[in-house]
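**Q** Submitted below is the structure of interest, expressed as structure tokens.
The values are calculated or read from the model by the stated rules, or taken from the named source; none is laboratory data. Since we're looking at a predicted model, the values are computed, not measured. Ideal geometry is used to build each Cβ from the backbone, glycine not excepted, and the neighbour counts take in all protein chains shown.
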Amino acid sequence: MHDSPLVIVGAGACGMVAGLAAAKRGVRVLVLEKGTEPAGNTVRSTGLIPAAGTRFQREVGIFDDSPDLMVEDILKKNGYESDPEITNLLCEESGPLIEWLVDEAGCEMVCYTDFLYPGQSRHRMHGPKDGYGSELVRQLQDALREDPIIELRTDIPVVGLLSHEGRVTGVESAEGEIPATAVVLALNGFGGDREMVERYLGPEAAAALYYGSPNNTGEGIRWGMALGAATEHMGSYQGHASVAAPDGPLVTWGVVVNGAILVNREGRRFGCETVGYSEYAGAVMAQPGGEAWEIFDEEVYGASLGTRFDEVVEVGKVIRSDTLEELAEIFGLPADALAQTVEETNRSARGEAQDPFGRDEFPGGPLEPPYYGIHVRGALFHTQGGLKVDTRARVLRPDGTHIQGLYAGGGTAFGVSGSGYRGYSSGNGLLAAAVLGKVAGEAAASETVEDPPS
Ligand SMILES: Cc1cc2nc3c(=O)[nH]c(=O)nc-3n(C[C@H](O)[C@H](O)[C@H](O)COP(=O)(O)OP(=O)(O)OC[C@H]3O[C@@H](n4cnc5c(N)ncnc54)[C@H](O)[C@@H]3O)c2cc1C
């Protein structure tokens with residue numbers, strides 16, 4: 001046998017879940033993390049993982065969700081562009097993953113029912129009861145610490161892969177070469193690498209605020225490509241249409257779902273906001289200055305409290321005013337145009353006129369004084385294109401053969417959001433990170449046992 005561990009690069013959801021899954025199969029694991037602590041997107045995220053058919057859904061009265069329905073929702077959103085086998089895998093395994101996280105890893109998961117994310121036909125977002133991605137990371141880290149055959153080493157950037165006769169045999173780290181039975185690339189995508197963003201996502205995304213981790217600089221994808229791996233959907237990303245200007249916090253899309261509208265510098269709406277936050281990010285990025293103003297009223301404000309929206313209120317980014325004229329003046333928007341926009345919107349909300357952009361959901365009804373507003377920017381959250389993998393998370397070459405000893409998941413692998421920013425369904429990020437992490441950990445562990453490297 002061999003003494004080397006399974007090496008996992010990156011300690012986000014993908015890397016930590018992969019490590020736990022492999023260790024449960026008796027394989028020694030070394031997780032190498034670039035940051036002084038896990039510092040990727042998982043820790044910055046809202047921490048919600050979509051899953052169908054869980055017991056946590058049943059606990060809140062949802063009995064009719066299924067992996068098939070989830071597949072259909074994801075495919076509809078991405079225009080049927082995502083790989084059908086990977087899409088099926090992620091949805092089939094989503095429910096078992098959530099229950100495994102609770103039963104085997106000691107994480108806490110509840111099914112959230114506060115609002116239905118655009119494109120999801122059932123409430124299926126799961127996460128820790130309190131707190132966000134930071135809490136999910138804390139719980140995963142605790143589970144890692146409790147497992148004696150997992151070692152997590154921080155502050156050790158991996159700088160390359162070692163390979164011999166086409167098989168990956170280890171990694172080159174800041175501390176030298178580390179041999180491995182196999183390597184799982186869990187270091188997310190290239191949102192933090194401006195050159196790759198410009199090349200693959202284009203100038204508007206490159207000019208937008210990047211709200212993900214600066215550590216995610218695309219090297220995992222480049223190493224795979226250098227070994228002959230195929231990539232797919234490199235132009236795909238998760239954007240967000242409402243991050244408070246100039247640099248946060250995130251304004252949860254629940255505010256729009258509850259009835260807010262977005263206007264540009266001219267005080268005019270510029271599309272149907274309810275298409276979803278990633279799809280609408282492109283519309284905001286295309287406005288002068290890549291900015292917009294979210295306008296709503298007391299009813300929407302009240303309905304949004306008690307969610308991540310509270311952070312935006314706490315830092316003073318939500319402006320309240322008794323009149324639209326005053327709100328327009330505070331934001332430097334043309335008052336007449338803003339008043340006209342709100343009047344037009346209210347006609348649609350009252351059902352007196354067809355909405356010019358086709359929006360038919362105004363749950364808060366017409367916007368009434370007092371008014372509220374937030375200055376927001378379109379942002380890039382993370383990239384969704386990456387190394388092509390099979391249903392065992394093995395990295396593939398263009399001819400469909402796999403590179404021995406190399407696995408990928410999360411943002412390093414290709415996602416299920418199709419080719420652009422329009423196809424991202426809420427939760428696709430953590431879904432691919434956590435499910436592919438588990439699949440990669442288990443597959444790499446079984447390969448280690450069945451076919452040890454010589
Ligand atoms: C504000 C925000 C909110 C979000 N909310 C959600 C949500 O609610 N639901 C959802 O599904 N998705 C959400 N996402 C997306 C989601 O966070 C990511 O898709 C997911 O966390 C990716 O997980 P990962 O494990 O692939 O990567 P990460 O969590 O980014 O982990 C990668 C790790 O690799 C490390 N690393 C990088 N390079 C190296 C290297 N060379 N050597 C060693 N280590 C390295 C990084 O430091 C990092 O710790 C959100 C994103 C943002 C920015």
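**Q** Just the residues that are among the hydrophobic types (A, V, I, L, M, F, W, C) and surrounded by fewer than 20 Cβ atoms within 10 Å (Cβ to Cβ), please, taken from the stretch 144-177.
**A** Scanning the stretch 144-177 gives 149, 156, 159, 162, 174.
**Q** Could I ask something else about it? Quick check: is even one residue across the stretch 396-412 within 16 Å of the ligand (Cβ to nearest atom), touching a Lys or Arg at 6+ places or on another chain (Cβ under 8 Å) and at pLDDT 95 or above?
**A** yes
**Q** Yes or no: residue 35 in contact with a strand residue (DSSP E or B) (Cβ under 6 Å, 6 or more places away or on another chain), within 10 Å of the ligand (Cβ to nearest atom), in the same structural domain as residue 156 (by TED's automatic domain parsing) and not basic (Lys, Arg)?
**A** Taking the combined requirement at face value, the residue does not satisfy it.
**Q** Here's something else I'd like to know. If residue 437 passes every condition in (1) more than 16 Å from the ligand (Cβ to nearest atom); (2) closer than 29 Å to residue 3 by Cβ but one, which one does it miss?
**A** Condition (1) is where residue 437 drops out.
**Q** Given the criterion crowded, with 19+ Cβ neighbours inside 10 Å and either within 16 Å of the ligand (Cβ to nearest atom) or closer than 23 Å to residue 275 by Cβ (or both), identify the matching residue among 358, 386, 351, 365.
**A** 386
**Q** Can you list the helices (runs of 4 or more DSSP H) lying wholly within the stretch 1-113 that have 2 or more residues being of a type in the set (Val, Ile, Thr)?
**A** 41-44, 67-77, 84-103
**Q** A further question on this structure: Is there any pair with a first residue in the stretch 63-87 that is in contact (Cβ under 8 Å) with a residue 60 or more places away in the chain and a second that is among the hydrophobic types (A, V, I, L, M, F, W, C) whose Cβ atoms are under 6 Å apart and which are 6 or more apart or on different chains, and what are they?
**A** 74/416; 82/416; 87/71; 87/74; 87/416
**Q** Okay, moving on. Can you confirm whether the stretch 64-83 contains a residue that is aromatic (Phe, Trp, Tyr), modelled with pLDDT of 95 or more and within 18 Å of residue 409 (Cβ to Cβ)?
**A** no
**Q** So, residue 230, is that one surrounded by fewer than 22 Cβ atoms within 10 Å (Cβ to Cβ) and modelled with pLDDT of 95 or more or not?
**A** Taking the combined requirement at face value, the residue satisfies it.
**Q** Looking at 235, 224, 218, 276, which one is over 30 Å from residue 329 (Cβ atoms) and surrounded by fewer than 21 Cβ atoms within 10 Å (Cβ to Cβ)?
**A** Step by step, each of 235, 224, 218, 276 is checked, and only 235 is over 30 Å from residue 329 (Cβ atoms) and surrounded by fewer than 21 Cβ atoms within 10 Å (Cβ to Cβ).
**Q** What are the pairs, 6+ residues apart or on separate chains, where a residue within the stretch 391-414 that is in a loop (DSSP other than H, G, I, E, B) has its Cβ under 7 Å from a residue that is charged (D, E, K, R)?
**A** 391/85; 414/232; 414/388
**Q** Quick check on my filter: what residues within the stretch 269-320 are part of a loop (DSSP other than H, G, I, E, B) and closer than 21 Å to residue 239 by Cβ?
**A** Across the stretch 269-320, the qualifying residues are 269, 270, 271, 272, 276, 286, 287, 307, 308, 317.
**Q** Here is a check on your reading of the model: is residue 24 surrounded by fewer than 20 Cβ atoms within 10 Å (Cβ to Cβ), of a type in the set (Lys, Arg), under 21 Å from residue 138 (Cα atoms) and in the same structural domain as residue 429 (by TED's automatic domain parsing)?
**A** For residue 24, the condition - surrounded by fewer than 20 Cβ atoms within 10 Å (Cβ to Cβ), of a type in the set (Lys, Arg), under 21 Å from residue 138 (Cα atoms) and in the same structural domain as residue 429 (by TED's automatic domain parsing) - is met.
**Q** Please go through the stretch 139-196 and pick out each residue that is among the basic types (Lys, Arg) and either under 22 Å from residue 436 (Cβ atoms) or touching a residue at least 24 places away in the same chain (Cβ under 8 Å) (or both).
**A** 153, 167
**Q** Taking residue 267 as the residue in question, decide whether it is modelled with pLDDT of 95 or more and out of contact with any helix residue (DSSP H, G or I) (no Cβ under 9 Å at 6 or more places or on another chain).
**A** no
**Q** I need the strands (runs of 3 or more DSSP E) fully contained in the stretch 126-215, keeping only those with at least 2 residues that are modelled with pLDDT of 95 or more and within 12 Å of the ligand (Cβ to nearest atom).
**A** Counting at least 2 such residues, we get 150-153, 158-164, 167-173, 183-185.
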